[in-house]
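First comes the structure, then the notes that go with it.
The values are calculated or read from the model by the stated rules, or taken from the named source; none is laboratory data. Note that this is a predicted model, so its numbers are computed, not measured. We place every Cβ from the backbone using ideal geometry, glycine too, and count neighbours over all the protein chains shown.
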2 protein chains.
Amino acid sequence: MLHTDLATRAYNQGWRLDPIVRSLLDTDFYKLLMLQMIWRRHPQVDATFELINRSRTVRLADVIPESELRAQLDHVRSLRFTRRELIWLAGNTFYGREQMFAPEFLAWLAQVQLPDYELSRQDGQYLLRFHGPWMLTTLWEIPALAIVNELRVRSTLQGRGRFALDVTYARAKARLWDKLERLRRLPDLVLSDFGTRRRHSFLWQRWCVEALKEGLGERFIGTSNVLIAMESDLEAIGTNAHELPMVMAALADGDEALRAAPYRVLDDWRELYSGNLLVVLPDAFGTAAFLRDAPDWVADWTGFRPDSLPPIEAGEQVLRFWRERGRDPREKLLIFSDGMDVDSIERTYHHFHGKVRMSFGWGTNLTNDFRGCAPFASDQLDPISLVCKVTSANGRPAVKLSDNPAKATGDPAEIARYLRVFGGEGRSEAPVVV
Amino acid sequence: MLHTDLATRAYNQGWRLDPIVRSLLDTDFYKLLMLQMIWRRHPQVDATFELINRSRTVRLADVIPESELRAQLDHVRSLRFTRRELIWLAGNTFYGREQMFAPEFLAWLAQVQLPDYELSRQDGQYLLRFHGPWMLTTLWEIPALAIVNELRVRSTLQGRGRFALDVTYARAKARLWDKLERLRRLPDLVLSDFGTRRRHSFLWQRWCVEALKEGLGERFIGTSNVLIAMESDLEAIGTNAHELPMVMAALADGDEALRAAPYRVLDDWRELYSGNLLVVLPDAFGTAAFLRDAPDWVADWTGFRPDSLPPIEAGEQVLRFWRERGRDPREKLLIFSDGMDVDSIERTYHHFHGKVRMSFGWGTNLTNDFRGCAPFASDQLDPISLVCKVTSANGRPAVKLSDNPAKATGDPAEIARYLRVFGGEGRSEAPVVV
């Protein structure tokens, strides 16, 4: 029987736009947790976010039509948090805790619209900047990244044969399932999806998450993507990110306040979330400096998420810190989320198994591993290292040092000042692939 | 947007049957070529066909519900050649020749209905027999095999998760495309699809054929499946099969007539098709005997399709024959179609390249290679060695010796007589996988 649904066909022919981001919940959970803190404590702070393509050889402005980029960004500006989304945020438990979000915060969220963007081109790259209140511009980070990544994918797939596309996805599915079968052999694995920002596409991320759910069972604890967590009835995962210490450091007056900024952020966080969500991100200005100068209460926090050194080296550094401060690592948690893939997850798991609790945030190599999958010879589906970083706060430059100088961002003079304040101890250059 | 086409949904819920065979053209092309000869020269001959599962450990009757098997077989009996199918058979060229099928043959074909079947069970196997005029029962072979194979697949996939199914097909697609990428490296490859009878399913065969078309380009010359050839505008490929010499041998009176039967078939064939389609299938009663006793004109035929010895050994045997008879193999054709897969195609191609023209008929390992593809541990998708053979003609037992005793069929006493007449020269036992 040949049957074509004429209405569907006509609808498909007439799309104005196939939106990449269809909901303001299509973002990472930590953005909302951080947003509540920004909204409560720093509503007057302005912050600028900026797209940075660390993979310079990929000339995004030559690949992605500007009109499409604008159409997608404009579409995000038309979105609002919907009633059922806000009800879910209000009624759901997060990390076992009820009412993680205050009613007055959700009331404010209901009327949020993302601010305008600035878009221009230079040397084959897009200059994409978001100016305005921090509590609004912060919401641009994830949609902007997801849009640019998916538009690059769409441009690569544009005009390919039905068959080439079919084989591409078949191979990517087969590869992901092979990875899951390897991960399934790690009995105490605790893993979540962190792949929103650099995903191949929204639909592919959702497929990957469903795959993890079916393939890993209890080992899969949830996703950082709030929309997918809601729709698939999964835990939303995440705590905080570099932008908090970066903005606090930028606003700090003088070197002493700068040195204290990372700990002040943690203290505010602990207070706001009543002692929940106590995960430390130690590497904004170098992990070694952070641990060296840390007040003792930092060792009482539940865990650390090292984010720029190789995972075993980074984990051992934190274990030494806990032991020196007299804490038992077996009661502590390490979250590994920097460019992880099955090989490094297996190595890290076996290295730390029995020594410390572990959790893995699997990102780009989960939701965007199409390397070699296309039957047309092409590296245009390989992931790139794209970030969207806060570059200034109230007009003052923001800086990230990182443990890996290749991941540092900010004005060179300002980086030099930060290095003077925090010291360059333990930093070592490594290639950044994703 | 959530949109469900309610009519489609209701239709899907209410299927009486999802037919496996939807057209009488869903068969191998050689069946139609042979049928024209049977219809013209042997319309009075009765022939019995019988399903034989050489993979005894697979208890088909325990796997496939009898009611479903009956429903599918009954559905085939409800089919007729349609007008557009007959018009295509009349108007298309085959092997470059117009009017391959006579108008009076097509007129007869228009009213053909497949005869009834006999179905019972024994020791976990189905006994499935087709009695009646040879020119009708011959049409049962391919649909019967396709139905039993696909019902086994459906039974295995029944009730599996959406995800398990998705990964199964993703892996099978990825595997097939990897095979194609290897085959693409053979510049003079000539290959066709011979996979109808043992396909995973009709839709999968069609996917495979489309894959070959896109992936191999000119190297892919067509398919044995007439329906797919018509729908995909491909060449229909095939000439003749063992059933011709088997029936002629069964009908032969006395040992001398038996010995002459294989050559009489060829002579009739050459005459009917005016010197086209001159491909010899030499192994019905042993290739060595066939070549030893062959009249010289057999060496004038275009090519041979060895079907039971290992391909290089079989090909060399035919090359020796041609050279002994003073023919240049470089002007001749060898068609390899016995359980071929990429490894054996590559080996055979390299061995014979430059020595003889070659063509490959890729069957079960093209259209039914799901080994290890399912995420549920299961060999239930592995292909089995299922055949549907003529077992008697006009009440006299039919026999196939083959070069491989594991592929012999027929009554043991009759096999002994054939071995006495033809000799057992050159036969050697090898496992039959597909």
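Here is how the numbers come out for the structure above:
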item: Matching residues in the range B:393-424 - criterion: being surrounded by 21 or more Cβ atoms within 10 Å (Cβ to Cβ) and of a type in the set (A, V, I, L, M, F, W, C); result: B:Ala393, B:Ala398, B:Val399, B:Leu401, B:Phe422
item: Test: residue in the range A:335-342 that is under 23 Å from A:Glu243 (Cβ atoms), touching a Gly at 6+ places or on another chain (Cβ under 8 Å), at pLDDT below 95 and crowded, with 23+ Cβ neighbours inside 10 Å; result: no
item: Matching residues, the range B:5-27, being of a type in the set (D, E, K, R), touching a residue at least 24 places away in the same chain (Cβ under 8 Å) and within 11 Å of chain A (Cβ to nearest Cβ); result: B:Arg22
item: Counted residues, the range A:141-162 - those being within 14 Å of chain B (Cβ to nearest Cβ) and either in contact (Cβ under 8 Å) with a residue 40 or more places away in the chain or under 19 Å from the mean Cα position of the chain (by Cα) (or both); result: 1
item: Number of positions in the range B:108-167 that are in a loop (DSSP other than H, G, I, E, B) and touching an Asp or Glu at 6+ places or on another chain (Cβ under 6 Å); result: 1
item: Wholly within the range A:328-434, helices (runs of 4 or more DSSP H) carrying at least 3 residues that are under 30 Å from B:Leu180 (Cα atoms); result: A:364-367
item: Subset of the range B:384-409 (residues that are of a type in the set (Gly, Ala, Ser) and under 19 Å from the mean Cα position of the chain (by Cα)); result: B:Ser385, B:Ala398, B:Ser402, B:Ala406, B:Ala408
item: Which listed residue is in contact (Cβ under 8 Å) with a residue 24 or more places away in the chain, in contact with an Asp or Glu (Cβ under 8 Å, 6 or more places away or on another chain) and not aliphatic (A, V, I, L, M), from A:Thr367, A:Thr409; result: A:Thr367
item: Cross-chain or 6+ apart pairs with Cβ under 7 Å, the range B:228-239 first and in a helix (DSSP H, G or I), then among the small types (Gly, Ala, Ser); result: B:Ala229/B:Gly222; B:Ala229/B:Ala236
item: Qualifying residue in the range B:62-81 (condition: assigned to a loop (DSSP other than H, G, I, E, B), touching a residue at least 40 places away in the same chain (Cβ under 8 Å), basic (Lys, Arg) and surrounded by fewer than 17 Cβ atoms within 10 Å (Cβ to Cβ)); result: yes
item: Number of positions in the range A:208-220 that are at negative phi and surrounded by fewer than 19 Cβ atoms within 10 Å (Cβ to Cβ); result: 6
item: Output for the range A:156-198, where each listed residue is touching a Ser or Thr at 6+ places or on another chain (Cβ under 6 Å) and among the acidic types (Asp, Glu); result: A:Asp193
item: Count of the range A:187-209 residues which are over 15 Å from A:Leu234 (Cβ atoms) and over 16 Å from the mean Cα position of the chain (by Cα); result: 5
item: Condition check for B:Thr223: away from chain A (no Cβ under 14 Å), β-branched (Val, Ile, Thr) and crowded, with 17+ Cβ neighbours inside 10 Å; result: yes
item: Those residues of the range B:193-219 which are more than 16 Å from B:Arg152 (Cα to Cα), more than 12 Å from chain A (Cβ to nearest Cβ) and either β-branched (Val, Ile, Thr) or part of a loop (DSSP other than H, G, I, E, B) (or both), in sequence order; result: B:Phe194, B:Gly195
item: Residue list for the range B:14-58, filter: out of contact with any His (no Cβ under 9 Å at 6 or more places or on another chain), more than 24 Å from B:Pro383 (Cβ to Cβ) and not in a helix (DSSP H, G or I); result: B:Gly14, B:Trp15, B:Arg16, B:Leu24, B:His42, B:Pro43, B:Gln44, B:Val45
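A quick yes/no check of all residues on (1) over 19 Å from the mean Cα position of the chain (by Cα); (2) modelled with pLDDT of 95 or more:
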| position | (1), (2) |
| --- | --- |
| A:Glu231 | yes, yes |
| A:Arg259 | yes, yes |
| A:Pro262 | yes, yes |
| A:Asp267 | yes, yes |
| A:Ser274 | yes, no |
| A:Phe285 | no, yes |
| A:Trp297 | yes, yes |
| A:Arg305 | no, yes |
| A:Asp328 | yes, yes |
